[in-house]
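A short write-up of the structure that comes next.
The numbers here are math on the coordinates, done by the rules we state, and not lab data. None of the values given here were measured: they were computed from a predicted structure. Ideal geometry is used to build each Cβ from the backbone, glycine not excepted, and the neighbour counts take in all protein chains shown.
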Amino acid sequence: MGKMSELELMVKELRGCGEKLIRMAEEMTEMFSASGQSESEETPKKQLSLTEVRAVLAEKSRAGFTKEVKALLIKHGADKLSEINPAEYEALLAEAEVLGNGYRYVESPEFEILLFAVSVNGSPVVVYDLARGDVLPNGIIMALVDDSVTKWAFNAAFERICLSEYLRRKLPELMKNKYLCPESWKCSMIWSAYMGLSLSLEGAGSVLGLEEQKLKEGKDLIRYFCVPCKPTKTNGGRTRNLPVHNMEKWELFKAYNKQDVEVEMSIQQKLHKFPVPDFVWEEYHMDQRINDRGIALDWQVVENAIQIDAISEEELLSAMKEITKLENPNSVLQMRGWLLERGVETDSLCSIV
């Protein structure tokens, strides 16, 4: 048999395999859409793989959370992901996914607000040490839930989401909705972006030449008090640093919190001659509404799609093994060698149609 005839036969077999998979997918769709399926008949939950967890952690590291990812690895028992017990994957992934995601962040049962710094109508900044027993005044609480009172913050979405969760837990009777009304919030980060400035508080303050500057020790203090620590004999096996463990750092952390608000106020003062147009605030508030609402998903459809994918992947791999006689058709090296033996040269399998 000539090389081209053999290749044509292979293509025909692959097409047949594809048609078989389509029929199987249709049958699976009908099977899973049946209303009589009991819980005991459901396919067991698929175990997370090292590759899946590594992909999420790598994405978080690229987003600037390298040290936080390392702290999570240590919390779950090792310095490297490859040394983590697979039984820890689900919990590790759940904690990693909240990094940089305010909504997921506040859903954690371990979420709490440690410090609350505020200025009312331009008055001197006051820091409330919630971690050590301070209580927010009733006037501030009522202003937070009053839609007619405008609240400002740098990256206001994070503050609004965190305070929404705080109030839901502490004073649920005051929360009309799941999240505080976006229309009563304005964000000085949006203002900075509108003016072409940095999206970081430190960067915006530096460009504007403010006398008040964000304390550079801030990131280290956040990691110390807000990120899990490695349990050791020296620290008594704890996984969390509390104010009592280092009061000097805690006082510095409070100063950092206060300075942040002062820098935010200075940015507003610097930019007051260049107000943000109303239509930009309307877009911002609409964006916040969309984020608050999220996307509705039919979880039954999602779970069934995952199961169908796993079954079709197994069927396809089995068919490819039968056609090629290769030990691992997923191996690019093996597949390229098999194709080369049949007169097909390619640098990428993606180029084969």
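Some observations on this one:
- Those residues of region 84-117 whose amide nitrogen sits under 12 Å from the label point placed on Arg132, 7 Å along Cα→Cβ: 115
- Comparing Cα centroids, region 85-163 and region 298-327 end up 43 angstrom apart.
- Available extension along the chain between Ala305 and Leu326 is 4.7 nm, counting 0.36 nm per residue and deducting the alpha carbon span.
- Gain on full extension, evaluated as 0.36 nm per residue between Ile290 and Leu48 minus their Cα-Cα distance, stands at 84.1 nm.
- Each of Glu165, Glu314 was scored by other Cβ atoms within 10 Å of its Cβ. Arranged with the fewest first, they read Glu314, Glu165.
- Distance in nm between pseudo-label sites at Asp298 and Glu173 (7 Å out along the Cβ direction from Cα): 4.2 nm
- Label-point separation in nm, Glu341 to Lys273, each point 7 Å along Cα→Cβ: 7.7 nm
- Straightening the chain between Glu217 and Glu248 buys 9.9 nm, computed as 0.36 nm per residue apart minus the Cα-Cα spacing.
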